Amino acid sequence: MEKVRHTPRNVSVDVAVIGAGPAGATASAALAGAGLKVALLHRDGVRAGAAEETLVPAARRVLERSGALECVEKLGFHGRALHASVWSEPVLRVRDEREQERGFQVERRAFDAALRERATQAGAQLVEVGQVGIDDRGHEVRARTADAGEFVFEARAIIVATGRATPDSLARLATVVELPATLALSTTLSVQHALAQTNAIEAVREGWLWWLPLADGRVELTLFCDREEERSVGREALWAAALGGAVGPARDVQARVERGTLATARLRASSAPVLVCGDASCALDPLSSQGLETALASAQHAAHCARSVVEGRSELGFAALERRAWDARLWYAHRRQTVEFLRSERRFVDAPFWRARQALESTPPH
Ligand SMILES: Cc1cc2nc3c(=O)[nH]c(=O)nc-3n(C[C@H](O)[C@H](O)[C@H](O)COP(=O)(O)OP(=O)(O)OC[C@H]3O[C@@H](n4cnc5c(N)ncnc54)[C@H](O)[C@@H]3O)c2cc1C
């Protein structure tokens with residue numbers, strides 16, 4: 001039987017934004033709010049982060065500037081009062097943070113949905129898509145949708161905000177520099193524990209542990225470990241060793257790993273005339289708790305670049321270069337902070353996780 005071919009439908013917009021996570025939704029809200037015609041292409045379920053994520057108190061400025069603070073406050077996403085750490089000595093230190101020092105803790109599904117709603121309220125058109133492809137000139141997105149066949153979005157500028165898992169092929173991406181490969185191994189626990197409401201990080205020989213109390217009363221426990229060591233030792237053995245060596249709340253836990261995801265800090269650059277933002281280009285080490293903040297800030301910058309193109313103040317190729325330079329400055333500044341913080345833990349200098357990271361120069365030439 002002859003296959004039915006759908007003729008692609010052409011839609012003309014000022015900006016097509018691929019990916020409706022925090023970066024894509026924020027860029028779309030900024031552009032639609034400025035009166036531009038925006039298509040926000042959304043595909044669910046390709047995200048690499050955690051169910052709930054924290055932002056440092058200083059993120060308030062970026063949340064405010066990007067308009068996301070309103071969503072955070074409406075949803076009541078405030079950080080925990082109690083923070084604990086075991087770092088550089090085997091002692092658990094618990095702090096009761098003043099209200100301004102608590103930062104934020106967002107439930108990602110609800111946060112992302114609220115940001116998307118903001119974008120559509122500002123006038124962006126949200127389109128559910130399957131496969132997408134970009135033409136070489138950076139002016140067309142070909143998108144396959146589950147129900148209506150194919151669309152071609154003709155745009156003056158394209159923003160790629162598809163997160164950490166973006167394949168290089170989508171936007172001719174290449175890795176510029178990355179930190180040693182890091183894997184996040186997690187499990188969700190129902191626990192009766194004195195520290196069940198305390199957000200805690202702990203350095204162990206195998207990496208570092210993150211004890212994150214969730215809004216529903218459970219705790220997400222994550223081990224950030226070295227990918228190579230996990231391959232040679234085995235996932236469960238590495239996990240058991242990390243929990244066995246802990247002195248903080250993870251110490252008494254008997255649980256298996258439920259999920260594993262790559263969490264390597266990586267800077268990628270695109271050689272295509274597109275504006276890449278968020279984790280797709282500038283993925284930070286989760287130790288910083290600044291991934292979301294950076295995604296929002298880079299999205300605002302991407303929106304600024306796209307607007308310059310649409311309004312004829314900049315060429316697409318130049319705007320793409322400006323976007324890349326912004327990411328590179330930020331990524332290297334984060335790298336320096338992360339490396340310095342990792343170096344402050346001196347108990348495990350011979351262990352693979354720490355050896356690989358402490359051997360890094362603080363400021364490599366770039
Ligand atoms: C284990 C772990 C823990 C973390 N913890 C924190 C934390 O506590 N605090 C913090 O600030 N950051 C944290 N981060 C980082 C944070 O998750 C990211 O920085 C943030 O999600 C980046 O936002 P984004 O919009 O760039 O990408 P994403 O959140 O990944 O959004 C990308 C969106 O694009 C969609 N998409 C993907 N492919 C396509 C496609 N082809 N077409 C259309 N849509 C597509 C995805 O479904 C998703 O909706 C953590 C990361 C990891 C890995």
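The values are calculated or read from the model by the stated rules, or taken from the named source; none is laboratory data. Since the structure is predicted, the reported quantities are computational estimates derived from the model, not experimental observations. Note that we place each Cβ from the backbone using ideal geometry, even for glycine, and neighbour counts take in every protein chain shown.
Identify, from the list Ala319, Ala325, Ala297, the residue that is part of a helix (DSSP H, G or I) and either within 18 Å of the chain's Cα centre (by Cα) or charged (D, E, K, R) (or both). Steps first, answer last, please.
Working: Ala319 fails: either within 18 Å of the chain's Cα centre (by Cα) or charged (D, E, K, R) (or both); Ala325 fails: either within 18 Å of the chain's Cα centre (by Cα) or charged (D, E, K, R) (or both).
Answer to the check: Ala297.
Conditions (1) within 16 Å of the ligand (Cβ to nearest atom); (2) more than 19 Å from the chain's Cα centre (by Cα), marked per residue:
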{"site": "Thr222", "(1), (2)": "yes, no"}
{"site": "Glu229", "(1), (2)": "no, yes"}
{"site": "Ser232", "(1), (2)": "no, yes"}
{"site": "Asp252", "(1), (2)": "no, yes"}
{"site": "Ala255", "(1), (2)": "no, yes"}
{"site": "Ala272", "(1), (2)": "yes, yes"}
{"site": "Leu284", "(1), (2)": "yes, no"}
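If I ask for residues that are in a loop (DSSP other than H, G, I, E, B) and either surrounded by fewer than 19 Cβ atoms within 10 Å (Cβ to Cβ) or near the ligand (Cβ under 8 Å from one of its atoms) (or both), which ones from the stretch 40-69 would you list? Talk me through it step by step, then tell me what you get.
Restricting attention to the stretch 40-69, the residues satisfying the condition of being in a loop (DSSP other than H, G, I, E, B) are 43-51, 56, 67-68.
Once the filter is applied, which keeps residues that are in a loop (DSSP other than H, G, I, E, B) and either surrounded by fewer than 19 Cβ atoms within 10 Å (Cβ to Cβ) or near the ligand (Cβ under 8 Å from one of its atoms) (or both), the stretch 40-69 yields Arg43, Asp44, Gly45, Val46, Arg47, Ala48, Gly49, Ala50, Ala51, Val56, Gly67.
Determine the pairs where a residue that is part of a loop (DSSP other than H, G, I, E, B), located within the stretch 8-34, has a partner that is of a type in the set (Phe, Trp, Tyr) with Cβ atoms under 9 Å apart, the partner being 6 or more residues away or on another chain.
Taking only residues 6 or more apart or on different chains, the pairs are Pro8/Phe151.
Out of (1) more than 16 Å from the ligand (Cβ to nearest atom); (2) within 10 Å of Ala23 (Cβ to Cβ), what's the single condition that is false for Leu296?
Going through (1) more than 16 Å from the ligand (Cβ to nearest atom); (2) within 10 Å of Ala23 (Cβ to Cβ) one by one, Leu296 breaks only (1).
Run down Val106, Val62 and say which single residue is touching a strand residue (DSSP E or B) at 6+ places or on another chain (Cβ under 9 Å), modelled with pLDDT of 95 or more and under 26 Å from Thr222 (Cα atoms). Reasoning before the result, please.
On the way: Val62 fails: under 26 Å from Thr222 (Cα atoms).
After applying the criteria, what remains is Val106.
Of the residues Val127, Val91, which is part of a loop (DSSP other than H, G, I, E, B), touching a residue at least 40 places away in the same chain (Cβ under 8 Å) and either in the same structural domain as Ser169 (by TED's automatic domain parsing) or over 25 Å from the mean Cα position of the chain (by Cα) (or both)? Steps first, please.
Details: Val127 fails: part of a loop (DSSP other than H, G, I, E, B).
Selected residue: Val91, the only one of Val127, Val91 that is part of a loop (DSSP other than H, G, I, E, B), touching a residue at least 40 places away in the same chain (Cβ under 8 Å) and either in the same structural domain as Ser169 (by TED's automatic domain parsing) or over 25 Å from the mean Cα position of the chain (by Cα) (or both).
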